[in-house]
Amino acid sequence: MAQINKEKINSIIATDCGSTTTKAILIEKVDGVFRLIARGEAPTTVEAPFEDVTIGVRNAVRELEELVGRKFLSGDEERGLITPRIDEKTGVDLYLSTSSAGGGLQMMVAGVVKNMTAESAERAALGAGAIVMDAIAINDGRMPHQKIQRIRQLRPDMILVSGGIDGGTISHVAEIAELIAAAEPRPRLGIGYNLPIIYAGNKDARNYVKDILGHKTDLRIVENLRPVLEREVLGPARHEIHNLFMEHVMAQAPGYNKLMKWTDAPIMPTPGAVGLIIENTAKQENMSVVGVDIGGATTDVFSVFKETFNRTVSANLGMSYSICNVLTEAGVENILRWIPFDIDPFDLRNRIRNKMIRPTTIPQTLEDLVIEQALAREALRLAFEHHKRLAVGLRGIQQVRDISQTFEQTSTGETLVDAMELGMIIGSGGVLSHAPRRIQSVLMMLDAFQPEGITRITVDSIFMAPQLGVLSTLHPEAANDVFQRDCLIRLGTAIAPVGEAKEGDPCVTVIATLPNGQVVEKSVPYGSIDTIPLAEGHADVVIRPARGFDVGAGRGHEVKAQLEGGVGGLIIDARGRQPFFLPSDTENRIRKLVEWYKALDVYPMDVLAKYVKK
Amino acid sequence: MAHAYTPGLKVTDSTIITKRRRLPILGEVLVNLGDTVRPETIVARTKIPGDPETVNVANKLGLEPEDVPDCMLKKEGDTVKKGEIIAEKKSFFGLFKSTLESPIDGTLDIISPITGQITLRGPAIPIEIDAYIPGKVIEILDREGVVIQTHAALVQGIFGVGGERQGVLRMAVDDPNEVLTADKITPDMKGCVVVGGSLVTLDAIQKADQVGVVGIVAGGLIDRDLVTFLGYDIGVAITGQEDINLTIIMTEGFGQIRMADKTFKLLKSLDGKVASINGATQIRAGVMRPEVIVALEEESEVHDTVFSGGMEVGTLIRIIREPYFGKLATIVALPPELQQIESGTKARVLVAKLETGETVTVPRANVELIEG
């Protein structure tokens, strides 16, 4: 990683080359802290007819120039940005970039045992920012010829091969290597190049893997990612993935050779950069964090629980390109359950298809907005379910149990995601960042993730986490300044008791002492949702759950905390958890949805009433 | 971004079309710079390694994996014939022999002393790339393929399924509002690309499939009819690889939507000519839309409309989102300031007059320009 003299850094431009748009941000030191000054964007130009990513970058930076009336671009198109800064009006001190254009980083992983080494390899690849196209394992239930066929069919950017603990199986690792050699896979980009393969398995099998794959592929060998069963070492594999991403994938993508010369640090895959920011936030806030980015084609979920970082990407859950897949995977019934009016399922399907083929349109009617947000809830829910399945503890390890655990039926490999432990949710992506009312984002995330106990809800205002992530590798303080001050919008804190009762029974009482000294007390019955307004600052809060309900201290136990406000204030979500209360009959379901939307002022109720009646 | 609206799809009677025809792996280019090619001309070919087959020799002959190389009668790289003995195990001072026959014709690729397996590879599989459109070879991509250029009429659709095909264009309706139903599909349409109006019905698609029609172009299609015809749901907007015998191209969208007049008139003028069509659609940056290409016999003036100025009062548009989905209108005002629309979003809008005379306000992002 490049070293910089932080003292000399006063202005920074960072770009994120997304699959649709290239976004540039200008960050500068103002009164000793770094702040976001301006943001520009332009269509990404990776694909035909331009086939040069730097055109889009220059266009986005040119928009910054116009906004602040200064000069950042060199007159020489080959040279890119003017760095370092020449004077107040010319150039910047640092230029960085991330990229997910051209389909991002697409990988395949392989391991010996499906839910052990293959799963570790999948976590390493996802954590590095890749989309995992398939995970091949000796025991994945497919015949060898089916696996070979699959490897041939997919054209990944690279393959990560793991397998065996150090000193363990060689023959199974060899079998995986032979399968890959037999398939002779070709890389997605760069006709005539050998496919990069990273071997991160049993060190005793290295020579054999070299014999089999060395002459057919661009083989790299790194430390075993599972040297012993009890330990996962993902760092070296992730690092090599990033190296290869730069050397091979980026070098083959149109215009990237040029862009790589412009930047002061290696270009990072966008999700890898977002992951860094989420990890740093969890560390700083000392709490478990879930981050989500819902895009047009994919939904990424990041989490840090028990100091373990995980990332998953649901490649076919998105709001435009793959919106029809949300419908298919969730089912019409699950979409309709969030909509407080009747809609013909056939009409719904045609509408969703038309959104897919014309993704840049926006909901004009409230009816369309409610439908789109219902789809977002389901896309987020499914992506989170997917994440929970992969963010698990190591499987197959021996556990030391004491006498108190004798009757607990816990096994290894359980999900690390704990809704009660979750302290903060960070949402991003158009549907969350640009909802007409911020409270809509709050409710979408509450419905989709169903956090328990006390959870802060935030959104990334304009999705600059990627740029800040790559910046954090060189200048963590600047990245953090901007993330805290300009990127995160605090929407409020949710209080969600876990438990079940009859609708209308007592559930929770919250007594909040607001910053102005005013004391507000609210009792919210089971099946309802309410708020205590707290736009800014913190409130000292006493939460008294009813008997049978838990807000983090055990059933019926009071919790005292200082909670942060936001545009949604303190949201008291007494709709229950495990299970979540939503009537199954249409009439009662619509009655409850309307009641909740009214309580939080989610939609303009006079307009909504028009559709509910219809 | 300066232009937030959806640019119109290209519909033109005369344009220059350039197509890159590339092999998936390096191979041999079969045509020369300046050659004139037909759609079916093979322009490049290559061979991809044959399908591999693994055989566990250790198990079959009852050997330890490390003994397998010594029992092999063939070396890595040797050619083998189906039924030929490729491994032999001698036991009891050579009195008893067990042997292994090759299950396929091909070559011996790998002998593994670790797993005791061998990998045999079948004969190489030839891959050929045709020209797809008639035209001239204007560039040779060394060992990869060629670039072909032609002067043609072009209709881009909004969504399609099915891959590249050629056939004679046949109008099956007289009006862009007319629905293409099964009774309009006749046996003499075999091998043709059939053009309908506002909608193609499921029974028309099925009949076209039976008759041997190679393509259908229509304004709209009902979502569930497409799912029924394909036998599965399309989740992600990436198409072109479907295993179907005819390509379907929609020019307007899902549902019954009148085909734009300009598109309909152009297709009508090309009735009887050979078209190259492709349903492949990919909706993301570098959008790929389905296309109908009809090469022109003579070079004529190129009519590519460039919307440099974007929208202005008087521009003809189509509204592409509820509540006026599919309606045609003329812009009557373009207020510069952001306006709040019913959903609560603040957006740049335009005021337009519908064909019925009604004046409506819609976000600029929700309209498509119609090239007049």
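The values are calculated or read from the model by the stated rules, or taken from the named source; none is laboratory data. Please read all numbers here as calculations on a predicted model, not as lab measurements. Neighbour counts run over all protein chains shown; Cβ positions are idealised from the backbone, glycine included. Accessible surface areas use protein heavy atoms only, side chains included; no ligands, DNA or RNA. Shrake-Rupley method; radii C 1.70, N 1.55, O 1.52, S 1.80 Å.
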* To do: Could you state the accessible area per residue of segment A:6-101 in Å², with a 1.4 Å probe and every protein chain left in place?
  => 42 Å²
* Asked: What does the accessible area per residue of chain B come to in Å², with a 1.4 Å probe and no ligands, DNA or RNA counted?
  -> 45 Å²
* To do: Over the alpha-carbon set of segment A:499-569, work out the extent along each principal axis and list the three values in angstrom, largest first.
  => 35, 22, 17
* **Over chain B: helical MRE at 222 nm, DSSP H runs n ≥ 4 each giving -39500 (n - 2.57), nearest 500** => -2500 deg cm²/dmol
* Convex hull (Cα only) mean projected area of segment B:316-369, reported in nm² to one decimal -> 3.3 nm²
* Asked: Full extension from B:Asp233 to B:Phe96: what is 0.36 nm times the residue separation minus their Cα-Cα distance, to one decimal in nm?
  -> 43.5 nm
* To do: Could you work out the longest stretch of chain B that avoids the chymotrypsin sites (Phe, Trp or Tyr not before Pro) located in DSSP loops with at most 14 other Cβ atoms within 10 Å?
  => B:94-231
* A:Arg155 versus A:Ser461, label points 7 Å from Cα toward the beta carbon: distance in nm? -> 4.3 nm
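Tally the DSSP beta bridges in segment B:217-295 and give the antiparallel ones as a percent, rounded to 5.
Of those bridges, close to 55 percent are antiparallel.
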* Asked: Quick one: Cα centre-to-centre distance for segment B:150-206 and segment B:69-140, in angstrom?
  -> 47 Å
* Asked: Dipole magnitude of the protein assembly as shown about its Cα centre, charges +1 at Lys/Arg Cβ and -1 at Asp/Glu Cβ only, in debye to the nearest 20?
  -> 320 debye
* Carbon/sulfur fraction of accessible area - chain A, other protein chains in place, 1.4 Å, % -> 48 percent
* Asked: For segment A:541-554, what does the Karplus curve 6.51 cos²θ - 1.76 cosθ + 1.60, with θ = phi - 60°, yield as ³J(HN,Hα) per residue in whole Hz, taken in order and with x for Gly and Pro?
  -> 10, 10, 10, 10, x, 5, 4, x, 10, 10, 10, x, 10, x
* To do: Would you please report the Å³ per residue occupied by the convex hull of the alpha carbon atoms in chain A?
  => 178 Å³
* To do: Using Cα centres only, tell me the gap between segment A:409-458 and segment A:163-207 in whole Å.
  => 38 Å
* In segment B:312-337, which residues give up 50 Å² or more of accessible area once the other protein chains are added, compared with their chain alone (1.4 Å probe)? -> B:Arg321, B:Glu322
* To do: Note every residue of segment B:224-244 with a reduction of at least 20 square angstrom in accessible area, all protein chains present versus the isolated chain, computed with a 1.4 Å probe, or write none.
  => B:Arg224, B:Asp233, B:Ile234, B:Gly235, B:Val236, B:Ala237
* To do: List the accessible area buried at the contact between B and A, summed over both sides and calculated with a 1.4 Å probe, in Å² to the nearest 100.
  => 5300 Å²
* Using a 1.4 Å probe on the heavy atoms of the protein chains only, list every residue of segment B:257-297 that has 40 Å² or more less accessible area in the complete assembly than in its chain alone. => B:Ile283, B:Arg284, B:Ala285
* Report, in deg cm²/dmol and to the nearest 500, the calculated mean residue ellipticity at 222 nm for chain A, where each DSSP H run with n ≥ 4 adds -39500 (n - 2.57) and the sum is divided by the residue count. => -9500 deg cm²/dmol
* Name the lysines eligible as straight-distance cross-link partners of B:Lys47: C-alpha to C-alpha under 30 Å, and not fewer than 8 places from it in the same chain. => A:Lys147, A:Lys210, A:Lys216, B:Lys19, B:Lys74, B:Lys75, B:Lys81, B:Lys82, B:Lys136
* Structure fact -> Cα gyration tensor of chain B diagonalised, 5x eigenvalues square-rooted, in angstrom largest first, produces semi-axes 55, 24, 22
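Roll a 1.4 angstrom probe over the protein heavy atoms and tell me the percent of accessible area of segment B:43-102 that is carbon or sulfur. Kindly include the intermediate steps, with their values, before the conclusion.
Values: 1810 of 3770 Å².
Whole-percent figure for carbon plus sulfur exposure: 48.
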* Asked: For segment A:508-532 and segment A:246-267, what is the separation of their C-alpha centers, rounded to whole Å?
  -> 53 Å
